[in-house]
Amino acid sequence: MCEPMTVATATKPVLSVRHLTTSFRTDSGLVTAVDDVSFDVAAGETLGIVGESGCGKTVTSKSIMRLLPEHVTVYGKQSEVMFAGTNLVQASAHEMRKVRGDKIAMIFQEPMTSLNPVFTIGWQLDEALKYHTDLNKKQRRERAVEMLRLVEIPNPSRRFDEYPHQLSGGMRQRAMIAMALCCEPDVLIADEPTTALDVTIQAQILDLMNSLKDKLSTAIMLITHDLGVVAQVCDRIMVMYAGRAIEVGPVGDIFHRPQHPYTKALLESIPKRGAKRTKYLPTIPGIVPGLQSLPKGCRFNDRCPYAEERCVNEEPDLVGHSRPEPVRCHFPLNQVSVGATDGGGAAS
């Protein structure tokens, strides 16, 4: 096996992940959900992590934040999550409490279950500021109200004293973003931040994240199923499948010249601008394999229309072929164009 290539950045990374392997103890033995994943994220950059459900995207983000249940979680011996000179995989619980919410923050997928229903929005904003800053109570309230205003919540002074159930879904998501950004983190992990929001609110949330990234130079990891969202806000993409990174590179290269058949299939499933209404969208046959029943060889071989005998018997490495960006495929689609120049209809 050769040394895995990483999602490289042009500037010094704020967050550097190397050989991240996350497994869980189960009644059936050790099950690996994230397998030898490496990438970097630089200041002011947005890295999109895409793939179907069950590919390991959320486990990757929670591994970075150390939010997985410690008693059943096992990290690989070579796993490194380097931030400010510290390997977070080996950090103590006390060290992680200092990092979470202050230096690295996370927007969770469902704000209604992430916000505590028995405390006001203001109390939950104040909690992070109280723990991570030296501001007094009045200053913390002013800062929290300013953050609510920054995320464009109307009448922020009033919303500060309201409970989560009194806010709409879009405003709850904005409140989650305000909580994540109140300490001006260096890294923001956004796990499906626009799920279940209507398209108008979704566009506003994405514009908000872009503007905040520009103002604060925050590095963003955006986890999503929506390639239209990726086309709109991301600088680079890492495609994951069955716990592994299978293709990485700049958005333009991935969208115009995908090398992995899985990436190509994902892009072809996006509604295209100008396509006939009677034409069915292509689908990927089968489902993501279970972690305890991974196929031999390439993990995508049983769903891949281009699979050959080598794909069934030998797992490919993540290496560069005709271009610097790596792909995990024996027979990359080097010159294939899928007609997704603008991210398809979903990005418009």
How many residues of the stretch 224-257 are of a type in the set (Gly, Ala, Ser) and assigned to a strand (DSSP E or B)? The answer is 2
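Does Ser79 satisfy the condition of being farther than 19 Å from Ala219 by Cβ, of a type in the set (Ser, Thr, Tyr) and open to solvent by 10 Å² or more (accessible area, probe 1.4 Å)?
no
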Filter the stretch 238-296 for residues that are open to solvent by 40 Å² or more (accessible area, probe 1.4 Å), of a type in the set (A, V, I, L, M, F, W, C) and more than 30 Å from Thr26 (Cα to Cα); the one that is farthest from the chain's Cα centre (by Cα) is Ala275
Checked pairs for the stretch 182-208, first at positive phi, second in a helix (DSSP H, G or I) and of a type outside the set (Lys, Arg), C-beta under 6 Å and 6 or more apart or across chains, list as Glu184/Leu216
Next on the checklist: With the structure loaded, tell me whether Met221 is under 22 Å from Ala307 (Cα atoms), outside any loop (DSSP other than H, G, I, E, B) and open to solvent by less than 10 Å² (accessible area, probe 1.4 Å) or whether it fails that test.
Outcome noted: no
Within the stretch 209-237, residues being under 14 Å from the mean Cα position of the chain (by Cα) and of a type in the set (S, T, N, Q) number 1
Going through the stretch 165-177 in order, the residues found to be open to solvent by less than 60 Å² (accessible area, probe 1.4 Å) and part of a helix (DSSP H, G or I) are Gly169, Gly170, Met171, Arg172, Gln173, Arg174, Ala175, Met176, Ile177
Requested in this report: Might you check whether a residue that is assigned to a loop (DSSP other than H, G, I, E, B) and either surrounded by 24 or more Cβ atoms within 10 Å (Cβ to Cβ) or not β-branched (Val, Ile, Thr) (or both) occurs anywhere in the stretch 198-215?
Outcome: yes
Is it true that Ala105 is of a type in the set (Gly, Ala, Ser), open to solvent by less than 20 Å² (accessible area, probe 1.4 Å), touching a strand residue (DSSP E or B) at 6+ places or on another chain (Cβ under 7 Å) and closer than 18 Å to Gln173 by Cα? yes
Would you confirm, using the coordinates I've provided, whether Ala307 is small (Gly, Ala, Ser), open to solvent by 30 Å² or more (accessible area, probe 1.4 Å) and over 30 Å from Gly29 (Cβ atoms)? no
With respect to Arg299, determine if the residue is at pLDDT below 90, of a type outside the set (S, T, N, Q) and either surrounded by fewer than 13 Cβ atoms within 10 Å (Cβ to Cβ) or part of a loop (DSSP other than H, G, I, E, B) (or both). no
By residue number, the members of the stretch 51-60 that are at pLDDT 95 or above and open to solvent by less than 10 Å² (accessible area, probe 1.4 Å) are Thr60
Here the residues within the stretch 27-40 that are assigned to a strand (DSSP E or B) and open to solvent by 60 Å² or more (accessible area, probe 1.4 Å) are Leu30
Scanning the stretch 129-164 for residues that are surrounded by 19 or more Cβ atoms within 10 Å (Cβ to Cβ) and not in a helix (DSSP H, G or I) gives Val151, Ile153, Phe160
Criterion first (closer than 14 Å to Val89 by Cα, modelled with pLDDT of 95 or more, open to solvent by less than 40 Å² (accessible area, probe 1.4 Å) and not hydroxyl-bearing (Ser, Thr, Tyr)) does Leu47 satisfy it? no
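The values are calculated or read from the model by the stated rules, or taken from the named source; none is laboratory data. Note that the coordinates shown come from a computational prediction; the quantities given were computed from them, not determined experimentally. Note that we place each Cβ from the backbone using ideal geometry, even for glycine, and neighbour counts take in every protein chain shown. With ligands, DNA and RNA removed, areas are computed over all heavy atoms of the protein, side chains included. Shrake-Rupley method; radii C 1.70, N 1.55, O 1.52, S 1.80 Å.
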